[in-house]
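Step one of this worksheet: look at the structure below.
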Amino acid sequence: MMRRMMILLVLAGALAAQPKRGLLICVSDAAPLAVRSAATSVLEAVPHHPLLTSFANDHAPTSLCSSEQLVSEGAERRAYNHLVLVGLANDPMIAAATQHEAKPEPGGFYTFGFGHFTGDIGYIESDRNPFLHGAAIAKTPFETEVVAITGSTPAGVRLSAEAFLRNKLVNGVV
């Protein structure tokens, strides 16, 4: 009986120590107003956007997360949360998390497999969370995802955010 009790206590402690998975919607503190507005639109869509609702899992964020703050914190917060990153290519979280299927270049993007796009280009990329699958995290208790909503200009970021929200686009060029 005592041995069973000890096992239950150990299991309960292990379950209590499990990190909680959530959703963070991040934008740079230095982002232009149009980019911050796009991030706010994504935040406001959490209750009715199917992917965001699933990511939030009854714990919807109430404010935007600072990209700079998230970069400077320990890896756990980046790893154990689904991340929706809204920003230009120079946003520290966009630069750290994108899987490099596209490369920003002056005036647009080069998208591998499709070529060069110039102008107000929006780009959306979704993949598993690279911060969860790195040296800083010894064991992955669950999966998390990253959606990067970016663009060549603030207008491009707005276009990609609109495509994500209206058309549920999770990968593509706008």
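The values are calculated or read from the model by the stated rules, or taken from the named source; none is laboratory data. Quick caveat, the model's predicted, so the values are computed rather than measured. All Cβ positions, even for glycine, are placed from backbone atoms using ideal geometry, and neighbour counts span all protein chains on display. The protein model used for the area step is the full one, side chains on, heavy atoms only, and it has no ligands, DNA or RNA in it. Shrake-Rupley method; radii C 1.70, N 1.55, O 1.52, S 1.80 Å.
Taking the range 45-58 on its own, how many of its residues are surrounded by 13 or more Cβ atoms within 10 Å (Cβ to Cβ) and closer than 14 Å to residue 24 by Cα?
Selection size over the range 45-58: 7.
Going through the range 145-167 one residue at a time, which ones are open to solvent by 60 Å² or more (accessible area, probe 1.4 Å) and either aromatic (Phe, Trp, Tyr) or farther than 16 Å from residue 25 by Cα (or both)?
Hits for the range 145-167 are 166, 167.
Within the range 145-155, does at least one residue satisfy the condition of being more than 18 Å from residue 82 (Cα to Cα), β-branched (Val, Ile, Thr) and assigned to a helix (DSSP H, G or I)?
Of the range 145-155, the ones more than 18 Å from residue 82 (Cα to Cα) are 151-155.
Filter again for β-branched (Val, Ile, Thr), leaving 153.
Next cut, assigned to a helix (DSSP H, G or I) only: none.
Within the range 145-155, none of the residues are more than 18 Å from residue 82 (Cα to Cα), β-branched (Val, Ile, Thr) and assigned to a helix (DSSP H, G or I).
Looking at 63, 54, can you tell me which residue is hydroxyl-bearing (Ser, Thr, Tyr) and in a loop (DSSP other than H, G, I, E, B)? Walk me through how you get there before you give the answer.
On the way: 54 fails: in a loop (DSSP other than H, G, I, E, B).
Answer to the selection: 63.
Can you work out which of the residues in the range 38-72 that are over 14 Å from the mean Cα position of the chain (by Cα) and of a type in the set (Asp, Glu) is modelled with the highest pLDDT?
44
Conditions (1) closer than 17 Å to residue 19 by Cα; (2) in contact with a Lys or Arg (Cβ under 6 Å, 6 or more places away or on another chain); (3) of a type outside the set (Phe, Trp, Tyr), marked per residue:
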position: 78; (1), (2), (3): yes, no, yes
position: 104; (1), (2), (3): no, no, yes
position: 110; (1), (2), (3): no, yes, no
position: 113; (1), (2), (3): no, no, yes
position: 143; (1), (2), (3): yes, no, yes
position: 156; (1), (2), (3): no, no, yes
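Out of the residues in the range 23-43 meeting the condition of being hydrophobic (A, V, I, L, M, F, W, C) and either in a helix (DSSP H, G or I) or free of Cβ contacts under 8 Å to residues at least 60 places away in the same chain (or both), tell me which one is surrounded by the fewest Cβ atoms within 10 Å (Cβ to Cβ). Break it down into steps so the answer makes sense when it comes.
Quick first cut of the range 23-43, residues hydrophobic (A, V, I, L, M, F, W, C) only: 23-27, 30-31, 33-35, 38-39, 42-43.
With the extra rule that they be either in a helix (DSSP H, G or I) or free of Cβ contacts under 8 Å to residues at least 60 places away in the same chain (or both), the set shrinks to 30, 33-35, 38-39, 42-43.
Working: 30: 15, 33: 8, 34: 15, 35: 26, 38: 29, 39: 24, 42: 23, 43: 20.
Among residues in the range 23-43 that are hydrophobic (A, V, I, L, M, F, W, C) and either in a helix (DSSP H, G or I) or free of Cβ contacts under 8 Å to residues at least 60 places away in the same chain (or both), the one surrounded by the fewest Cβ atoms within 10 Å (Cβ to Cβ) is 33.
Restricting the search to the range 84-118, which residues are of a type in the set (A, V, I, L, M, F, W, C) and either under 23 Å from residue 65 (Cα atoms) or out of contact with any Phe, Trp or Tyr (no Cβ under 7 Å at 6 or more places or on another chain) (or both)?
The initial filter retains those residues of the range 84-118 that are of a type in the set (A, V, I, L, M, F, W, C), namely 84-86, 88-89, 93-97, 102, 109, 112, 114, 117.
Residues satisfying the conditions are 84, 85, 86, 88, 89, 93, 94, 95, 96, 97, 112, 114.
Pull up the range 101-144, narrow it to residues that are touching a residue at least 60 places away in the same chain (Cβ under 8 Å) and in a strand (DSSP E or B), then point me to the one that is surrounded by the fewest Cβ atoms within 10 Å (Cβ to Cβ).
So, considering only residues that are touching a residue at least 60 places away in the same chain (Cβ under 8 Å) and in a strand (DSSP E or B), the one surrounded by the fewest Cβ atoms within 10 Å (Cβ to Cβ) is 111.
Applying the selection to the range 44-79, what residues are within 20 Å of residue 166 (Cα to Cα) and touching a residue at least 60 places away in the same chain (Cβ under 8 Å)?
Answer for the range 44-79, where residues must be within 20 Å of residue 166 (Cα to Cα) and touching a residue at least 60 places away in the same chain (Cβ under 8 Å): 45, 49, 50, 51, 55.
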